[in-house]
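Here's the structure we're looking at; comments come further down.
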Amino acid sequence: MEQQKNSDSIEATAQDATTASTDKPRGGKRRRENSAVKEYALIILYAVLIAFLLKTFVVRGFYIPSSSMEDTLQINDRVFVNVAGGLFTEAERGDIVVFKDTQGWMPVSTSSNPVRDALAFVGVMPDSSSNYLVKRVIGVGGDHIVGTADGRITVNGVEIDETYLKPGVSPTELPFDVIVPQNSYFVMGDNRSNSADSRYHIQTGTEFINDADVVGEVFVVAWPLSNFTFVGGASDVFADVPDTE
């Protein structure tokens, strides 16, 4: 009888050991799975953080929704802006800049895609918001800019030959005469016949863009690949324009 009890005890112990050895791998597998999930979550978090920092301080993507900058920039182009340069330097005549529309040039858009907006906010996708516009700098602080009825434009008394304009488009169809305030810019589109730029906001007193609203200078068209090109300023167009004191 005692031998039978001992046998039962040994069998029970063996079963317990088998159960324990079976449960241990299962628990270990769950821990490995949880660890992998945490690792992937951290990778995604770091990627989003890096994208946000790059977008805020280095480079930022934007989507071109209109034809106002043709033929330099086409509808649906994805461009990148040098944010770092905009933080430490001022824009120059001829630069193509993206700026925040704090002047109310564009009507407020009520439609939005929350997912796309969130991805644009962190810098994963190019910004397609109507809160940002892209134009070319024609005049900087202190410049005297005149547009004549016959379509000529002068900056500080020097007529400029704008080689970047869309072929067949007049430099201006609207006469104007302005002096740019300090820390501000007078901007125009390359497709002057389809660009509601600084010229069209003179009467409302909102024609000048403040330097603080400039995100940076466009330096490359990244997408589609067929349009890939590096975009520079047009300093040669303004080479003979004298600076103001």
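The values are calculated or read from the model by the stated rules, or taken from the named source; none is laboratory data. Fair warning: this is a prediction, and the values are worked out from it, not measured in the lab. Every residue, glycine as well, gets a Cβ built from its backbone with ideal geometry; the counts of neighbours run over all protein chains shown. Quick note on the areas: whole protein, heavy atoms, side chains included, nothing else; ligands and nucleic acids left out. Shrake-Rupley method; radii C 1.70, N 1.55, O 1.52, S 1.80 Å.
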Exercise. Do the conditions hold for ASP236, that is, is it within 14 Å of ASP95 (Cβ to Cβ), open to solvent by 60 Å² or more (accessible area, probe 1.4 Å) and either acidic (Asp, Glu) or modelled with pLDDT of 95 or more (or both)?
Worked result: yes
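Which count do you get for residues in the range 153-191 that are in a loop (DSSP other than H, G, I, E, B), hydroxyl-bearing (Ser, Thr, Tyr), closer than 24 Å to THR244 by Cα and open to solvent by 10 Å² or more (accessible area, probe 1.4 Å)?
Here the count works out to 1.
Being modelled with pLDDT under 95, of a type outside the set (Asp, Glu), part of a loop (DSSP other than H, G, I, E, B) and surrounded by 12 or more Cβ atoms within 10 Å (Cβ to Cβ), is that true of even one residue in the range 117-124?
Scanning the range 117-124, I find at least one residue that is modelled with pLDDT under 95, of a type outside the set (Asp, Glu), part of a loop (DSSP other than H, G, I, E, B) and surrounded by 12 or more Cβ atoms within 10 Å (Cβ to Cβ), so the answer is yes.
Taking the criterion of being charged (D, E, K, R) and more than 24 Å from ASP101 (Cβ to Cβ), would at least one residue in the range 201-208 satisfy it?
No, the conditions are met nowhere in the range 201-208.
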For this session: Report, ordered by the first and then the second residue, all pairs with beta carbons closer than 9 Å, sequence separation of six or more or different chains, a first member in the range 192-204 that is within 19 Å of HIS144 (Cβ to Cβ) and hydroxyl-bearing (Ser, Thr, Tyr), and a second member that is at pLDDT 95 or above and surrounded by fewer than 16 Cβ atoms within 10 Å (Cβ to Cβ).
Result: SER198/THR206
Problem set entry | Boolean, ASP177 is modelled with pLDDT of 95 or more, within 15 Å of MET69 (Cα to Cα) and among the charged types (D, E, K, R) | no
Seminar exercise, completed: Looking across the range 130-147 at residues that are of a type in the set (D, E, K, R) and under 11 Å from ASP190 (Cα atoms), the single one that is surrounded by the most Cβ atoms within 10 Å (Cβ to Cβ) is ARG136
Exercise. Pairs under 7 Å by beta carbon, first residue under 17 Å from GLN74 (Cβ atoms) in the range 212-238, partner hydrophobic (A, V, I, L, M, F, W, C) and assigned to a loop (DSSP other than H, G, I, E, B), six or more apart or different chains?
Worked result: VAL218/VAL231; PHE219/VAL231; VAL220/VAL231; VAL221/LEU73; VAL221/PHE228; VAL221/VAL231; ALA222/PHE228
Exercise. Residue check: is GLN203 at pLDDT below 95, assigned to a loop (DSSP other than H, G, I, E, B) and open to solvent by 40 Å² or more (accessible area, probe 1.4 Å)?
Worked result: yes
Seminar exercise, completed: Every listed condition ((1) modelled with pLDDT under 75; (2) in contact with a helix residue (DSSP H, G or I) (Cβ under 6 Å, 6 or more places away or on another chain); (3) charged (D, E, K, R); (4) open to solvent by 30 Å² or more (accessible area, probe 1.4 Å)) holds for ASP127 save (4)
Exercise. Is it fair to say ASP150 is at pLDDT below 95 and open to solvent by 50 Å² or more (accessible area, probe 1.4 Å)?
Worked result: yes
